[in-house]
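First the structure, in the form of structure tokens, and then the observations on it.
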Amino acid sequence: MKRITHRADFCVVGGGLAGMCAAIAAARHGAKVVLMHDRPVLGGNASSEIRMWICGARGPNNRETGIVEEIQLENLYRNTSVSYAIWDAILYEKVRFQPNLTLLLNCSCTDLGMDGSRIRWVRGWQGTAETWHTVEATLFADCSGDSILAPLSGAEFRVGREAASEFGEQMAPEAADRKTMGMSCLIQARETESPQPFIPPAWANKYLSDDDLPHRGHGIRTSNFWWMELGGDFDSIHDTEMLRDELLKVAYGVWDHIKNHGDHGAENWILDWVGFLPGKRESRRYVGDHILTQSDVNAEGRFDDVVAYGGWPFDDHHPAGIRHPGFPNEAIPAPSPFGIPYRALYSRNIENLLFAGRNISTTHVAMSTTRVMATCATLGQAVGTAAALAVEAGLTPRGVYHECIRELQQRLMEDDAYLPWNTREVPELTRTARLTASEGDPEPLRNGLDRPIGDADNGWTGSLGSWVEYAFDGPREVKECRFVFDSDLNRRRLNMPSCFPRDLEPHRVPETLVRTFRIEVRNESGEWTLATRVEESHQRLVRVPVNVTTSAIRFIPEATWGAPQAHLFAWDVR
């Protein structure tokens with residue numbers, strides 16, 4: 001056996017979207033990071049192994065931005081054929097080729113060492129290389145979903161449903177129990193040109209009529225079969241292998257029903273993929289300095305330490321899953337957006353442990369809305385940014401809350417992680433310059449609100465070839481331009497589909513994004529000269545180094561991805 005020791009500022013365990021965003025954010029802010037993940041591919045429930053689509057906050061202009069939007073826009077740009085092979089590669093490269101970040105795939109965390117109330121190291125077994133990896137770090141984040149570091153470290157955690165009386169939650173049961181939401185093995189189908197038979201395995205369940213699948217819509221084009229769920233009335237960690245076997249019987253049985261029992265319009269369809277790794281919804285939840293409750297969510301979560309937000313409904317699934325004859329879930333609208341406090345993202349009793357994902361410090365009821373992946377990704381970005389700030393300042397995670405929570409919030413917004421009811425600080429050079437445009441009102445570009453909010457657009461719209469200009473009192477050094485373009489926060493396209501009809505539309509970059517633009521500066525003779533020109537731009541947040549000394553600078557949009565005019569929400573010079 002081989003043994004390798006890594007030394008880092010920050011170790012993240014778990015490479016789903018939450019862990020990915022935590023590791024990337026910390027590395028981009030200068031921390032030395034190790035990400036340990038127990039699977040061969042990244043993305044967790046969004047990966048090709050499970051294939052759940054990325055869901056998040058509902059309502060106009062509430063789409064999550066920051067790193068999760070960056071990933072999805074890259075997928076729309078490069079994955080025109082809508083291939084899971086390309087999606088996995090995009091997730092992989094975002095981590096593997098990020099400076100300051102070491103990736104350990106196929107590495108399962110099995111042990112850790114403590115120094116009082118601090119974690120000193122974690123150890124993982126990488127079976128593919130027969131190697132033990134030990135990671136010594138200053139800070140740790142558990143983004144593993146199942147909260148593997150909790151039982152190993154003695155961190156406080158909860159499992160199951162609280163009694164309604166404990167937090168005054170209307171959706172909670174009268175008596176507390178250890179029941180959770182279940183897990184699912186999803187299926188995907190593909191349409192062909194001709195009729196295709198299906199012979200089910202002998203061990204598949206039998207669903208001979210639609211009455212055997214009550215309240216379970218199973219149209220091929222409209223369902224991703226999330227309701228094929230079991231395990232909430234078992235142990236959602238230790239019974240996973242047994243439940244996987246039962247879920248496979250369900251999965252093949254449901255497809256047998258669609259193909260062979262009734263007319264479901266599936267004659268030309270084949271079973272293209274079955275998930276053999278269950279996608280989990282709930283297991284251990286950490287206890288932090290604050291436990292988010294149903295009342296907190298209903299009050300919109302207007303905490304002073306908001307570092308992320310949600311907006312999915314309270315979506316509580318019945319513990320018995322598909323074996324429950326009634327509706328598979330109870331979905332009650334939640335405010336969108338609602339804020340999530342930083343104090344719910346670090347351990348109450350382990351002083352150097354953070355967490356992000358479905359395992360944050362919430363009640364069962366509140367977790368039913370915070371558990372979806374776009375929300376989890378923003379939690380990860382918050383945790384990673386906090387970790388880097390803690391390393392810089394020599395603070396614990398709790399110390400960040402007490403000493404520099406405003407700095408954390410500003411760093412997140414600077415990285416285009418939207419925080420409701422907060423305004424981004426605009427750089428002094430941007431704030432004090434004279435701002436003009438050839439058409440339209442450019443002032444919203446420096447108001448610190450980088451998306452439409454309510455009736456306010458908070459952006460500038462201009463014709464292709466028009467310009468926006470910052471002019472200074474004299475020659476000023478401009479190192480960088482920061483733009484936030486319009487990526488259509490109301491687009492309905494999912495990151496990946498749940499089925500593959502023959503007429504599946506290819507992925508496309510949102511038409512609203514600016515594709516080509518140039519930056520010009522005024523020279524000493526008063527003439528405008530080209531500083532740089534950017535082509536094939538397909539991101540919402542774009543930072544462009546310019547490194548010039550000038551008395552004025554202009555942004556000139558030349559092309560979009562289809563929209564007749566350019567639309568952007570921010571342009572900062574610094």
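The values are calculated or read from the model by the stated rules, or taken from the named source; none is laboratory data. Computed from a predicted structure; not experimentally measured. Every residue, glycine as well, gets a Cβ built from its backbone with ideal geometry; the counts of neighbours run over all protein chains shown.
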- Note on the structure: The residue that is surrounded by the fewest Cβ atoms within 10 Å (Cβ to Cβ), considering only those in the stretch 206-251 that are closer than 15 Å to ALA189 by Cβ and out of contact with any strand residue (DSSP E or B) (no Cβ under 7 Å at 6 or more places or on another chain), is THR222
- Query: What about ILE71, is it at pLDDT 95 or above, aliphatic (A, V, I, L, M), in contact with an Asp or Glu (Cβ under 6 Å, 6 or more places away or on another chain) and in a helix (DSSP H, G or I)?
  - Reply: no
- Task: Could you tell me whether the stretch 296-304 includes any residue that is in contact with a helix residue (DSSP H, G or I) (Cβ under 7 Å, 6 or more places away or on another chain) and at pLDDT below 95?
- Result: no
- Of the residues in the stretch 467-481, those that are surrounded by 18 or more Cβ atoms within 10 Å (Cβ to Cβ) and not aromatic (Phe, Trp, Tyr) come to VAL468, GLU469, ARG476, VAL478, CYS481
- Note on the structure: Taking the stretch 288-340 and keeping residues surrounded by fewer than 19 Cβ atoms within 10 Å (Cβ to Cβ) and β-branched (Val, Ile, Thr) leaves ILE332
- Determine, yes or no, whether THR532 is within 20 Å of PRO452 (Cα to Cα) and among the β-branched types (Val, Ile, Thr). no
- Query: Listed residues ASN490, ASN495; which is at pLDDT 95 or above, under 23 Å from ASN61 (Cα atoms), outside any strand (DSSP E or B) and not β-branched (Val, Ile, Thr)?
  - Reply: ASN490
- Tally the residues that are assigned to a loop (DSSP other than H, G, I, E, B) and under 14 Å from SER223 (Cα atoms), restricting the search to the stretch 250-267. 3
- Task: Any chance you could count how many residues in the stretch 370-404 are farther than 24 Å from SER336 by Cα and not in a helix (DSSP H, G or I)?
- Result: 3
- Item | All positions within the stretch 323-349 that are of a type outside the set (S, T, N, Q) and in contact with a Lys or Arg (Cβ under 7 Å, 6 or more places away or on another chain) | PRO328, GLY339, TYR346
- Note on the structure: Of the candidates LEU429, LEU408, LEU435, the one satisfying the condition of being under 17 Å from GLY339 (Cα atoms) and out of contact with any Cys (no Cβ under 7 Å at 6 or more places or on another chain) is LEU408
- How many residues of the stretch 236-249 are farther than 14 Å from GLY321 by Cα and either acidic (Asp, Glu) or outside any helix (DSSP H, G or I) (or both)? The answer is 5
- Message: For the stretch 336-369, give me the residue count where each residue is part of a loop (DSSP other than H, G, I, E, B) and of a type in the set (A, V, I, L, M, F, W, C).
- Response: 4
- Message: So the check is Cβ under 8 Å with 6+ separation or different chains; which pairs have a first residue in the stretch 249-278 that's closer than 11 Å to ALA204 by Cβ and a second one that's acidic (Asp, Glu) and assigned to a helix (DSSP H, G or I)?
- Response: HIS257/ASP212
- Tell me which residues, restricted to the stretch 415-448, are crowded, with 18+ Cβ neighbours inside 10 Å, hydroxyl-bearing (Ser, Thr, Tyr) and in a helix (DSSP H, G or I). THR430
- Message: Consider the stretch 535-574. How many of its residues are under 10 Å from VAL514 (Cα atoms), surrounded by fewer than 18 Cβ atoms within 10 Å (Cβ to Cβ) and either in contact with a strand residue (DSSP E or B) (Cβ under 8 Å, 6 or more places away or on another chain) or polar (S, T, N, Q) (or both)?
- Response: 5
- How many residues, within the stretch 215-233, are modelled with pLDDT of 95 or more, assigned to a loop (DSSP other than H, G, I, E, B) and closer than 23 Å to CYS55 by Cβ? 8
